1. Counting only residues that are surrounded by 15 or more Cβ atoms within 10 Å (Cβ to Cβ) and among the acidic types (D, E), which one in segment 149-181 is farthest from V115 (Cα to Cα)?
2. Return the residue satisfying two criteria in turn: it lies in segment 255-279 and is assigned to a loop (DSSP other than H, G, I, E, B) and more than 23 Å from the chain's Cα centre (by Cα), and of such residues it is surrounded by the most Cβ atoms within 10 Å (Cβ to Cβ).
3. For residues that are crowded, with 21+ Cβ neighbours inside 10 Å and either in the same structural domain as N247 (by TED's automatic domain parsing) or at pLDDT below 95 (or both), tally how many sit in segment 359-382.
4. Can you tell me how many residues within segment 69-96 are within 27 Å of R427 (Cα to Cα) and in a strand (DSSP E or B)?
5. What about S416, is it touching a Leu at 6+ places or on another chain (Cβ under 9 Å), free of Cβ contacts under 8 Å to residues at least 60 places away in the same chain and not assigned by TED's automatic domain parsing to the domain that holds M232?
6. Show the residue pairs that are 6+ apart or on different chains and have beta-carbon atoms under 7 Å apart, the first residue being within segment 26-40 and in a loop (DSSP other than H, G, I, E, B), the second being crowded, with 21+ Cβ neighbours inside 10 Å and among the hydrophobic types (A, V, I, L, M, F, W, C).
7. Which residue pairs have Cβ atoms closer than 8 Å, lie 6 or more positions apart in sequence or on different chains, and pair a first residue in segment 210-230 that is over 23 Å from H257 (Cα atoms) with a second residue that is modelled with pLDDT under 95 and of a type in the set (D, E)?
8. So is T96 of a type in the set (S, T, N, Q), in contact with a Leu (Cβ under 9 Å, 6 or more places away or on another chain) and either in the same structural domain as V8 (by TED's automatic domain parsing) or at pLDDT 95 or above (or both) or not?
Amino acid sequence: MKASDLFVKSLEAEGVEYVFGIPGEENLDLLESLRRSKIRLILTRHEQAAGFMAATYGRLTGRTGVCLATLGPGATNFVTAAAYAQLGGMPMLMVTGQKPIKSSKQGHFQIVDVVRMMEPLTKYTRQIVSIANIPAAVREAVRQAEEERPGATHLELPEDVAHEEGDGKPIPKSYSRRPIAEEKAVARAVEAITRAKHPLLMIGAGGNRKTTTKMLREFVDQIGIPFFTTQMGKGVIDESHPMWLGNATLSDGDFVHRAIDHADCIINVGHDVIEKPPFFMRSGDAEKTVIHVNFLGAEVDTVYFPQIEVVGDIANAVWQLKESLKERQEHWDFARFKEIKEHFEAHLVKGQHDDRFPMYPVRLVNDVYETTPADGIVCLDNGMYKIWFARYYRAHEPNSLLLDNALASMGAGLPSAIATKIVHPDRKVMAVCGDGGFMMNSQELETAVRLKLDLVILILRDDAFGMIRWKQENMNFPDYGMTLANPDFVAYAQSYGAKGHRIGSAAEFAPLVRECFATPGVHVIDVPIDYSDNERVLNREIKRLSAQL
């Protein structure tokens, strides 16, 4: 058996369905093995986009997404995607080629030490030096990619090793279960929750797992504790739930932070310090107990040092808490939380029907929410709009609003939406990109068209790098170095075979989105957006109104 065949059979044994990427001459043996495999190659236009797609596949399925690149520049183009998956907790395996390692006639042409380059960006990286190493290397790379906390792994398959002949067979997956939380730790947490008067539940990125979401919903419904989420915890519990208090989009000064201030016990499920702090612990705040519930122990920093840690499988830990608490405690007082929620809800609707044009962000978010089906998926790139969507968009299901609050890389929105549509072909999928982020991987329009995907892509055009411009204004610096020129996005979309659209008023937007969702093909909508209220609303109005409570 050829080594490349054994490599692909090992991927098949892991349940790999797709390989995203761009092959080079160093992995032609592997490409031929893939051609004869049941694994589908998704050819992309850039390796970074392939990595974003593989990571998104991992995020949505919990299984390892696989991407392929050649050596040198192909492999270096994976770097951003590796960090995206690693920081975001998305299981992904990168496979790169390399020149022959046993004899070389090309000196150091295109040679980069890719394995060493990937060490700080991955959980596991190895060069395969023999066909005999392949089954164990693939099994370990996939195991580590999926094991909590999930992340990126990498294997380098040199050209001469891929061509080797030998014997071997894939190593089957082992049966394993995550360790469960220790009973005494659970009992300590239950005691603190029971003793509290104003307990509050926080759901972070680690709570966004299939088994965990089910248990968290049961916990909130049965025990009746109010909850809020981080950006990457959105949708774990339906945000139309009466106990929802909002999203910690801003680090401080929002209505949800008044609830946090009032709470005397915060049950912190799945918090990952890779996200911006959803709240700040202070060393002198002895009245507030923070309970850390996660797969791994707390990573302590200056604003996060929980007093109780419940470490183990989160779903099981939440189940243990639910079974011990049984029901809402009579002495719990949620009147203050209810008051805060009423004011928060009243603020959310302000601007939902604002007719200004270019479009007002709150109107845009509301129109997207109203036009996207309940099971639809909105994939955000990174830009100013992410703040508005995270705070104002109500997610009803896990991973129905895909955003990245870990690496927060621009350029991920369109590739993420492509992968999402591949995973969920029967659901409506929308990419929301700023003009800056869209142009970083806009070439993947051709990939979407070639794959005959039904996809709606919003380009929110402010002709600038809007988020950095907002920060620049917040720091009282002059407006400098942020504006740019854009192509004609309608003509640009049409040049790839997509359908291009442009709106001329806010009233045109929602009907056009409905039409695009109903019409097959790739649709690109140019949406001029007005960010002039960024400073007033996000930095001043919200803080002023919430401070009055």
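The values are calculated or read from the model by the stated rules, or taken from the named source; none is laboratory data. The shown structure was predicted, so the numbers you read here are calculated from the model rather than taken from an experiment. Neighbour counts are summed over all protein chains in view; Cβ atoms, including those assigned to glycine, are modelled from backbone coordinates with ideal geometry.
1. If we take residues in segment 149-181 being surrounded by 15 or more Cβ atoms within 10 Å (Cβ to Cβ) and among the acidic types (D, E), then E164 is farthest from V115 (Cα to Cα).
2. Out of the qualifying residues, it is A263.
3. Residues meeting the conditions: 0.
4. Count: 2.
5. The answer is no for S416.
6. From residues that are in a loop (DSSP other than H, G, I, E, B), the pairs are S37/V8; I39/V8; I39/L11; I39/V16; I39/V19.
7. What qualifies is Q222/E327.
8. Considered against the rule, which asks whether it is of a type in the set (S, T, N, Q), in contact with a Leu (Cβ under 9 Å, 6 or more places away or on another chain) and either in the same structural domain as V8 (by TED's automatic domain parsing) or at pLDDT 95 or above (or both), T96 comes out as yes.
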